[in-house]
1. For region 59-74, name all the residues that are open to solvent by 30 Å² or more (accessible area, probe 1.4 Å) and out of contact with any Phe, Trp or Tyr (no Cβ under 8 Å at 6 or more places or on another chain).
2. Within the group Leu129, Leu108, which residue is modelled with pLDDT of 90 or more and open to solvent by less than 50 Å² (accessible area, probe 1.4 Å)?
3. In region 80-98, which residues are modelled with pLDDT under 95 and either at positive phi or not aliphatic (A, V, I, L, M) (or both)?
4. Quick one: is Arg33 out of contact with any Asp or Glu (no Cβ under 6 Å at 6 or more places or on another chain) and modelled with pLDDT of 95 or more?
5. Out of all the residues in region 34-46, is one or more open to solvent by less than 10 Å² (accessible area, probe 1.4 Å) and either at positive phi or touching a residue at least 24 places away in the same chain (Cβ under 8 Å) (or both)?
6. Can you name the condition, by its number, that Leu164 falls short on among (1) farther than 25 Å from Asp93 by Cβ; (2) touching a residue at least 12 places away in the same chain (Cβ under 8 Å); (3) in a helix (DSSP H, G or I)?
7. Suppose we filter Ala101, Ala123 for residues that are in a helix (DSSP H, G or I) and farther than 28 Å from Ala189 by Cα; which single one remains?
8. Just to check your reading of the model, which residue among Leu106, Leu29 is out of contact with any Lys or Arg (no Cβ under 7 Å at 6 or more places or on another chain) and farther than 17 Å from His181 by Cβ?
Amino acid sequence: MAKVFVDQMKCVDETGTGIDELTSDDVYLLLFRGSIPTGINLASQTEFTVTGPGSFWDAMDDGDRRTRDVALAAYDPKSLYVVQLIERDNGRDVADDATAAYRGTLNLAWTGALARTVGQAPAQRIGALAETISDALRGLNTIYMGVPKQGNDDPIGRPQRLSLPTRQSTAVLDFRGDSGHYQGTFKVA
């Protein structure tokens, strides 16, 4: 079975705008995948993964480029993928119980969005589904990373839709925020 991989992660600027950090960044990636059913069917397979930093995306400084293939999720051309890059400050905030909370909340948001978008044109439906998952991720990040004593990791930019229409293509996403500027290259293999 084919998988979605991060082919390359490049650190353009690890300090970002307005934050003066003294050390390198460790980053990790959140990914949501949801299969899009046709017609009025709401049955869908979803997947939520948290990947990194591991030894492949740790201690990143300006100009660093890591080219190790890192598997993220199963590939399905009929699925929607939404990704979010996170800077880890101490321990990873999205771990254990938080991962389960993310998974449950995203699945609930996904099912509700599928029901609301039945009958919409495919492009309109995909846009609405992506927006719903992005909004849910931003809300979860606020709870698990922004509330004092809950966490201190920092989202780098906003969640983004990942489009990989064929197995021969790659996609580059630009993650830019207060915590840095990164470019991730994704592929299917």
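The values are calculated or read from the model by the stated rules, or taken from the named source; none is laboratory data. Fair warning: this is a prediction, and the values are worked out from it, not measured in the lab. FYI the Cβ positions are ideal-geometry reconstructions off the backbone, even for glycines, and counts take in every protein chain you see. Calculation scope for accessible area: heavy atoms of the full protein, side chains included, ligands and nucleic acids excluded. Shrake-Rupley method; radii C 1.70, N 1.55, O 1.52, S 1.80 Å.
1. Correct list: Ala59, Asp61, Asp62, Gly63, Asp64, Arg65, Thr67.
2. Numbers: Leu108 fails: open to solvent by less than 50 Å² (accessible area, probe 1.4 Å).
Criteria check complete, one pass: Leu129.
3. Glu87, Arg88, Asp89, Asn90, Gly91, Arg92, Asp93, Asp96, Asp97
4. no
5. Start the filter on region 34-46 by keeping residues that are open to solvent by less than 10 Å² (accessible area, probe 1.4 Å), which leaves 34.
Of the ones still in play, those that are also either at positive phi or touching a residue at least 24 places away in the same chain (Cβ under 8 Å) (or both) are 34.
Yes - at least one qualifying residue is present in region 34-46.
6. Condition not satisfied by Leu164: (3).
7. Ala101
8. Numbers: Leu29 fails: farther than 17 Å from His181 by Cβ.
After applying the criteria, what remains is Leu106.
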